[in-house]
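Chemist: Structure in structure tokens, see below.
The values are calculated or read from the model by the stated rules, or taken from the named source; none is laboratory data. These numbers were taken from a predicted model, which means no experiment stands behind them. Reconstructed Cβ throughout: ideal geometry from the backbone, glycine too, with neighbour counts over all protein chains shown. Surface accessibility is based on the protein's heavy atoms, side chains included, excluding ligands, DNA and RNA. Shrake-Rupley method; radii C 1.70, N 1.55, O 1.52, S 1.80 Å.
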Amino acid sequence: MAGTRTRRVAGSEQSRTARAAALAEELHHECTLLLELYRKKETFAEELTVGGERLVTVPPLSSQLSPNDRLWRLYSALQQCRNLLERAIGLEEGVGNGGDRAQYESQRKTVRDRLGHLLASTRLLLEDRAGTAAFTPDPKNTETASPVNGSPFALKLWIYRIFSELEHWTLTTSRTLKALHPDGATPKESRTRGRPRGRRTRR
Amino acid sequence: MLNCIVIMHTVTGYTYVAPGVLLSGPQNVSVNYDLKDQRISVTWEDDPSSSRVPDKLIYDVEVLLTVNMTEVHSEAVDVRQALASRKYHWSWTSALPLECTSHSVRLRSRYQNYTSQWSPLLTITGRASTHPQVFPKSSVVQVDSNFTFCCILGPGQRLEYMKYNNILMNTTHIIDQSYAMVVHMQSPSPPSCINVYCNSPLYGTCVYVGYPPGDRNLVCETRDLESVECHWDTGRATNLTKQRMTRYDLNGRACPNRTVSNCYQTVRVDQGERNWTLTARNPLGTLELRDTADLKKRVRLLAPMEVLASGVNASVQWQWERPQYHILLMVCQVQLNHSGHIDVRNFSGIGLRSVVLHGLAPAQTYTVQVCCGLKQHFWKWGDWSEGSTFKTEEDIPEMLDVWMQIEGNQTMILWKPLTVNQSHGQIKDYEVTWGRQETILHPPQNDFLISDRSTDEGHRVTVTAKNSAGSSLPSIIIIPRLPHRSKSSMKIVGSDGGFNLSWSASPNSSCGYVVDWCPTHKKCRVEWVKVPAGITRARIQSASFEEGVRYTLSIFACTPGAPELWERREGYVKECLPKGQIQRLAAEQYGSDTVLISWTAIPPESQTAFIHGYIIYYCDTSHLSSMRIFNVTTDELGAKNLTGIPVSSYRFIVKALTSVGEGGDSSPVFLQMNPQTDQLITVIIISLGSAACLLALVTILCYRNWKCVKENMYPKIPKPVWKEEWLTPLESNGRQILYVDPCQPSEIDIVCNREQSGEAVLDNNAGKGALTNTNSDVPALHVYYNQLLTKTTSGHFTFSPHTMATPFSQLSGTVIQNPSYNLEVQASLDMGQSVGYEPDMNSFSCPNPELHNTMSYVPFETDSRGYKFQCHIEDSSPLQE
């Protein structure tokens, strides 16, 4: 009986991993789109690439780590991403409105919502493996200095960096979750995988 | 002396410039700067104990680039000794951002030609950086101005580019690692500022470009007698948002945030006339607007509240929100809205709160609104109250407009339904009275059929309408005893969707005229209009008028008795191109150059305009461009002969001509015209047929009367008889000789066969079937058979009947044998040869009798089949049996 139960749980976990991987892949695409919309809205040059110091700080995701640890670090990174995104949304009001605001704001909301879903999915995976004890206390959210009193240009650049971080970590999550899934692929029931990227439904 | 002063200054800090006058340098010099405005401020003092300068004292101020002591700006500042304060202030805005490089400031005092020493340099240090930085940060710049940005590079770094709004710009080297670019701000920035980069999109700043405040037309007033409300026009948009948007102060007190075009402040309104100052301020400038007003004369009343209107006496009441209004002498407007019709009435009084409205229509719904203003010191009308709706009482209906429509023995009594303004309430029923009969009808029925009008009383019909207030005055109409005499109609042309009708005055008309109308070719309910007496024209307009429909308009004279039909008109409100099609178009050729075109005209009920004629269009199908036209009047009923038309193939089409153009096109008809030669051939064929018939008739007649003809023309010729005794006994050599008696001349020539040439000898030795003419003395004419004998290669001798027919023609080498006439004589032994024989059909000349005497024939005893002797009785006629 115990063996049967274990297999059932394992099967459920695989399915969750696959779903989370599909969600991460979808979110990565949405983040890419958001970054592009923001770049255009703020008339940043196309060659703009932000590098150097990262806003999200987690230890490296080495292949030597156990799946649990990798999941944990991913979860922590996504958590920081969400905090940064919330701050960006709040601070952005100070910069002023411009450009194609409606499309940009709609995309930003989509990313915000899906990031919440991905966090919830990742948390479920962690609970499957380590139980709820893993979340006492919650992963520390590293305070990142934001140019609250800085120039509008610095603020715009900082928000751009946040969106870049989002794009990076959703891609990393997607790849890691796919690697964690035994088949290395998303499940059949996942509809997002095969969907054309240009025709996504936005909320 | 000057040197002395200098020295003295050197020693004491003062320069002696005149008796009792000491020139001191600036004391306590301090420099401040504001990076936001790029402004340098300098303050300094003079020593009061040394101020003996009688007239103006000047201070020279210099701003230098610290690195190379290049002068950036210098200015002579005039100060007044009379000023109580000895502290001076000077400021200057730098075009080059102060962060770009270090700036130093120094100053000295000057009196006439004497100057003090320069004050020590006070330096504002420029910025240094390890990576490219652009200055100034987050500046706000006015549109259409030039603005300088500088880029400070880190040690050892090279300038790659500076970009404004992603556009590469020209740069100038300031000093060391500092570069500048000047941008002309052509247009306002978007709300999220314009980016400026240096070397990389990561290094830059952001600039807002907009306009200073442009507000105008400040007006202040009071609404509640407790506060001031100022309004203004915002003018041109500043394009600056958030922290950079315009802020307003009214008389030094800040207006609420997000104020745009009005500011409200609680004040005392009994202060008389005073100034109201609005200050508008944004990063690009400050603007002051002023208005002078006594608020007690600037009262704009609030809207009346709780407006109520009574339907009984049409009184309107309302309340005031502010009790202060109750003592004000005010004027009020009461606006009545009745089915979109607006009526405004003015009333005045102290603290007005109710009015009575007179002259309202009964049973009508009105919406009433009120607004008021001060009667004394009228400033503006206050706000309109909310609308209040009420309904007035009912009254008896107005008289009905009654008319009739007579069809045969029946008369339809018609009346127009009363409008809301005429019915004065809800119409409950109609009462129709004729003779001693009475009928009650209920809306919406507004007609009544009277079929029996045999009695005199039946001709007078009365109709009344009734509502809750009572019955209307009766409307009377008298039906004529006899039908109207028919009148011929005149054509009339409509205009602007109706008819402008005029008619001659009728001597019988005592109470005006009635014009009624209906479509000419449709059943309908008539419409009518009544024209007062003395007027003989009317504009006939109806919502039911349709374009392209023919109407008949009848003008009746109103008399004390029954109306009399006076005149009639027919016409179209607007003529349209015919929609119906001309049918049954046909083209038929008559003669060599005439074509009859016929068609069926558009029926009157399908006509959408008066048809003035028809036009025949035709063209040669091989030259479609050669269109020709024939006009046909309406008198020529659907047919037209076109003459002088050359033989060809034609396409015909007929169109109806109306005042609005051509239309009703028929379907095209094609006609291929035939040339005259065909008819000639027909005549020839008919003639030949007739001749053949005649010939046949003659033949039949001849056949029937053949015996007579034959006896007259061809008497019977006796058949020759062959007898054995005519031959000699068979000789040993197989030869027999025919006895020939001398031929007696007779009236009839006997045509003989080949033996006529003399004795015919069947000579076996002569070859196969050779006939030998034994008589060489035969005259040429009678021996020509022999001449025509030809020996074929096979040894046959052949007669050709053709050659015999034409004795002088060339003889053919081919044997044409006639079995009937072939003479085959076979020898008793081995003679197998045959000789073809054909008599000379054309030669009916009788042979010489002498020749017959010499003629011999040797028949083949055993086979006499091949010999048939024929003689023909020859007349002069070529006919033979």
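Chemist: Which residues, if any, in the range A:46-60 have at least 40 Å² less accessible area in the whole protein complex than in the isolated chain, probe 1.4 Å?
Modeler: Residues passing the criterion (a loss of at least 40 Å², heavy atoms only) are A:Glu47.
Chemist: Where both residues lie in the range B:317-435, what percent of DSSP beta bridges are antiparallel, nearest 5? Walk me through the numbers on the way to the answer.
Modeler: On the way: 29 of 29 bridges.
Given both bridge residues lie in the range B:317-435, the antiparallel proportion sits at roughly 100 percent.
Chemist: Could you check the simple spin-label distance between B:Thr643 and B:Arg127, using points 7 Å along Cα→Cβ, in nm with one decimal?
Modeler: According to this spin-label approximation, the distance is 10.9 nm.
Chemist: Can you tell me the alpha carbon radius of gyration of the range B:297-353 divided by the globular rule-of-thumb value 2.2 N^0.38 Å?
Modeler: On the way: Rg = 12.5 Å, N = 57, 2.2 N^0.38 = 10.2 Å.
Normalised by 2.2 N^0.38 Å, the Cα Rg of the range B:297-353 equals 1.23.
Chemist: How large is ³J(HN,Hα) for each residue in the range B:205-219, as worked out from phi by the Karplus curve 6.51 cos²θ - 1.76 cosθ + 1.60 (θ = phi - 60°), to whole Hz, x for Gly and Pro?
Modeler: Values, residue by residue: 8, 9, 10, 9, 10, x, 10, x, x, x, 5, 7, 6, 6, 9 Hz.
Chemist: Here's something else I'd like to know. For the residue pair B:Asn68 and A:Ser106, what label-to-label distance in nm results when each label sits 7 Å from Cα along the Cα-to-beta-carbon direction?
Modeler: The modelled label-to-label distance comes out at 5.7 nm.
Chemist: Please state the charge dipole magnitude for the range B:374-491, taken about the Cα centre, from unit charges on C-beta atoms (+1 on K and R, -1 on D and E), reported in debye and rounded to the nearest 20.
Modeler: On the way: 13 positive and 15 negative charges, 115 e Å.
Its charge dipole is roughly 560 debye.
Chemist: For the range B:345-350, just list the computed ³J(HN,Hα) in residue order, Karplus coefficients 6.51, -1.76 and 1.60, θ = phi - 60°, integers in Hz, with x standing in for Gly and Pro.
Modeler: For the range B:345-350, the Karplus-derived couplings read 10, 9, 9, 9, x, 7 Hz, x marking Gly and Pro.
Chemist: Taking amide H positions as placed in the peptide plane 1.01 Å from N, state which residues far from B:Cys206 in sequence (5 or more) or on other chains have amide H under 5 Å from it.
Modeler: For B:Cys206, the qualifying residues are A:Phe153, B:Ser138, B:Ser139, B:Val196.
Chemist: Then there's this: Using a simple charge model, +1 on the beta-carbon of Lys and Arg, -1 on the beta-carbon of Asp and Glu, nothing else, what dipole does the range B:592-697 show about its Cα centre, in debye to the nearest 20? Mind dumping the intermediate values first?
Modeler: On the way: 4 positive and 8 negative charges, 31 e Å.
In total the dipole reaches around 140 debye.
Chemist: Mind checking which lysines have their C-alpha under 17 Å from B:Lys491, skipping anything on the same chain fewer than 8 residues away?
Modeler: B:Lys491 reaches B:Lys574.
Chemist: Let me know the whole percent of all Cα-Cα pairs from the range B:174-274 that are separated by more than 25 Å.
Modeler: For the range B:174-274, the fraction of Cα-Cα distances above 25 Å is 44 percent.
Chemist: Further question on the same structure: Between beta-carbons, use under 14 Å as the cut-off and find the net charge around B:Trp415, counting Lys and Arg +1, Asp and Glu -1. Each step should come with its number before you reach the end.
Modeler: Values: positive: B:Lys416, B:Lys466, B:Arg525, B:Lys530; negative: B:Glu398, B:Asp401, B:Asp429, B:Glu431, B:Asp447, B:Asp516, B:Glu527.
It works out to a net charge of -3.
Chemist: Also, I was wondering about something else. So who's got an amide H within less than 5 Å of the one on B:Lys416, skipping anything under 5 residues away but keeping other chains? H placed 1.01 Å off N, in plane.
Modeler: B:Asp401
Chemist: Now a separate question. At 4 °C and a viscosity of 1.567 mPa s, what translational diffusion coefficient does Stokes-Einstein give for the range B:250-394, taking Rh as the Kirkwood radius over Cα pairs? Give it in µm²/s as a whole number. Mind showing how you got there, number by number?
Modeler: Details: Rh = 17.7 Å.
For the chosen part, D equals 73 µm²/s.
Chemist: Let me ask something else about it. Quick one: Karplus J couplings for the range B:562-578, per residue in order, coefficients 6.51, -1.76, 1.60, θ = phi - 60°, nearest Hz, x for Gly and Pro?
Modeler: Along the range B:562-578, the couplings run 7, x, 10, 5, 10, 9, 9, 9, 10, x, 10, 4, 8, 6, 10, 4, x Hz.
Chemist: What are the residues whose amide H is under 5 Å from the amide H of B:Val647, where those residues sit 5 or more places off or on another chain and H is modelled from the backbone?
Modeler: Those qualifying (amide H under 5 Å, at least 5 residues apart or on another chain) number zero.
Chemist: Determine the shielding of peptide B:184-190 by partner chains: average, over its residues, the number of Cβ atoms on other chains within 10 angstrom of each Cβ. Provide the component values of the computation, followed by the final result.
Modeler: Values: counts 0, 0, 0, 0, 0, 2, 7.
Per residue, the average neighbour count from other chains is 1.
Chemist: Moving on. Count the net charge of all other residues whose Cβ sits under 9 Å from the Cβ of B:Ile492, scoring Lys and Arg as +1 and Asp and Glu as -1. Spell out each step's value before the answer.
Modeler: Values: positive: B:Lys491, B:Arg569; negative: B:Glu570.
The answer is +1.
Chemist: On to the next question. Counting only other chains, what is the mean number of Cβ atoms within 10 angstrom of the Cβ of each residue in peptide A:36-45?
Modeler: Details: counts 0, 0, 0, 1, 0, 2, 6, 7, 6, 8.
Average neighbour count from other chains, rounded to a whole number: 3.
Chemist: Note the full-extension length gain between B:Ser592 and B:Val493 as 0.36 nm times their separation in residues minus their Cα-Cα distance, in nm to one decimal. Mind showing how you got there, number by number?
Modeler: Numbers: separation 99, 0.36 × 99 = 35.64 nm, distance 4.50 nm.
Length gained, B:Ser592 through B:Val493: 31.1 nm.
Chemist: If you keep only loop residues by DSSP, which chymotrypsin sites (Phe, Trp or Tyr not before Pro) in the range B:355-405 have at most 16 other Cβ atoms within 10 Å of their Cβ? It would help to have the intermediate numbers written out before the result.
Modeler: Details: sites: B:Tyr366, B:Phe378, B:Trp379, B:Trp381, B:Trp384, B:Phe390, B:Trp403; in loops: B:Phe378, B:Trp379, B:Trp381, B:Trp384.
Those satisfying the criteria are B:Phe378, B:Trp381, B:Trp384.
Chemist: Under the 0.36 nm per residue contour assumption, what length would be gained going from the current alpha-carbon distance of B:Asn705 and B:Ser451 to full extension? It would help to have the intermediate numbers written out before the result.
Modeler: On the way: separation 254, 0.36 × 254 = 91.44 nm, distance 9.01 nm.
Gain on extension, B:Asn705 to B:Ser451, equals 82.4 nm.
Chemist: Now for a separate question. Give the carbon-plus-sulfur fraction of the accessible surface of the range B:623-662 in %, rounded to a whole number; probe 1.4 Å, heavy atoms of protein chains only.
Modeler: Working: 1240 of 2280 Å².
Reported share for carbon and sulfur atoms: 54 percent.
Chemist: Would you mind giving the total buried accessible surface between chains A and B, with a 1.4 Å probe and ligands, DNA and RNA left out, rounded to the nearest 100 Å²?
Modeler: Approximately 1500 Å² gets buried when A meets B.
Chemist: Okay, moving on. Taking R0 as 51 Å, what's the FRET efficiency between B:His442 and B:Val260 from their Cβ-Cβ distance, rounded to 0.05? List each step's numbers first, then the result.
Modeler: Values: r = 61 Å, r/R0 = 1.20.
E between B:His442 and B:Val260, to the nearest 0.05, is 0.25.
Chemist: Roughly how many percent of the accessible protein surface of the range B:255-350 is carbon and sulfur, given a 1.4 Å probe and a whole-percent answer? Numbers along the way, then the final one.
Modeler: Values: 2460 of 5260 Å².
With neighbouring chains kept in place, the figure for the range B:255-350 is 47 percent.
Chemist: Shifting gears a bit: Sorting check: for B:167-174, B:686-693, which peptide has the highest mean count of neighbouring beta carbons within 10 Å, and how do the rest follow? Could you put the intermediate results ahead of the total?
Modeler: Working: B:167-174: 12.5, B:686-693: 10.0.
The packing order, highest mean first, is B:167-174, B:686-693.
Chemist: Just tell me how shielded B:192-202 is by partners: mean number of partner chain Cβ atoms within 10 Å of each residue's Cβ, no decimals. Intermediate values should be presented prior to the final figure.
Modeler: Working: counts 13, 9, 3, 9, 1, 4, 0, 0, 4, 10, 10.
Across B:192-202, the average partner-chain Cβ count within 10 Å equals 6.
Chemist: Going Cα to Cα from B:Lys56, which lysines come in below 26 Å? Please leave out same-chain ones fewer than 8 positions away.
Modeler: Hits, sequence-local ones excluded: B:Lys87.
Chemist: Starting from the Cα of B:His231, step 7 Å along the direction of its Cβ; do the same at B:Ser471; then give the gap between the two resulting points in nm.
Modeler: 5.9
Chemist: Could you compute how fast the range B:646-734 diffuses translationally, taking Rh as the Kirkwood radius over C-alpha pairs and applying Stokes-Einstein at 4 °C with viscosity 1.567 mPa s? Give it in µm² per second. If you can, show how the numbers build up before the last one.
Modeler: Values: Rh = 22.0 Å.
Using the Kirkwood radius from Cα pairs, D works out to 59 µm²/s.
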